[in-house]
Amino acid sequence: MSPLGSVFPRIYALVRRVPRGRVTTYGDVARLAGLRNGARTVGWALHSLPTAEAAPWWRVIRSDGTIALRRAAAQQRRRLAREGVRFTNGKVDLRYGWP
DNA sequence: CGTATGACGAGCC
DNA sequence: AGGCTCGCCATAC
């Protein structure tokens, strides 16, 4: 439940706070948005982003450091790599985690 | 208003 | 370690 407004806009606002070169997880964004177990809701929200650049969706990954996208995983890895985020055998080093 | 849908996550083999 | 199951929850229809 959201006191004011729907949840998606708040999720987008939170994702926009993730700095370049850092990553966060679906579960973390959900908790920051006030959802105790809303990781899937965050995934749904990012999946339905109005425009590709409305929020830095590529900085959101799974809790185990892997990429959640099925079709565009390579593109997400490329975007992250361009920001200096390193991968260790398919997983993002969680020391890039944010906060 | 009930059912289905995910870019999840934790737990259990 | 890697795969499966089940719970979760805002939306879509």
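What follows is calculated from the coordinates using simple rules that are stated; it is not laboratory data. The model shown is predicted, which means the values in this text are computed figures rather than measured ones. In this analysis, Cβ positions are derived from the backbone assuming ideal geometry, glycine residues included, and neighbour counts consider all displayed protein chains.
Mean projected area of the Cα convex hull of chain A, taken over all directions, amounts to 6.0 nm².
Helix A:73-82 and the longest principal axis of the C-alpha atoms of chain A enclose an angle of approximately 80°. Taking amide H as placed 1.01 Å from N in the peptide plane, the amide H of A:Val23 sits under 5 Å from that of A:Gly97, A:Trp98, each at least 5 places away or on another chain. Taken over the alpha carbons of the stretch A:35-84 as equal point scatterers, the Debye sum produces base-10 log I(q)/I(0) values at 0.23, 0.25, 0.29 Å⁻¹ of -0.96, -1.10, -1.33. Think of chain A as having a plus end and a minus end, set by charges on the Cβ of Lys, Arg, Asp and Glu; of A:Leu32, A:Trp57, A:Val42, A:Trp57 sits farthest toward the positive end of this dipole.
Helix content alone sets the calculated 222 nm mean residue ellipticity of chain A: runs of n ≥ 4 DSSP H residues at -39500 (n - 2.57) each, divided across all residues, give -10000 deg cm²/dmol. Contact order, relative form, for chain A: 31 percent (alpha carbon pairs under 8 Å, 6 or more residues apart, mean separation divided by residue count).
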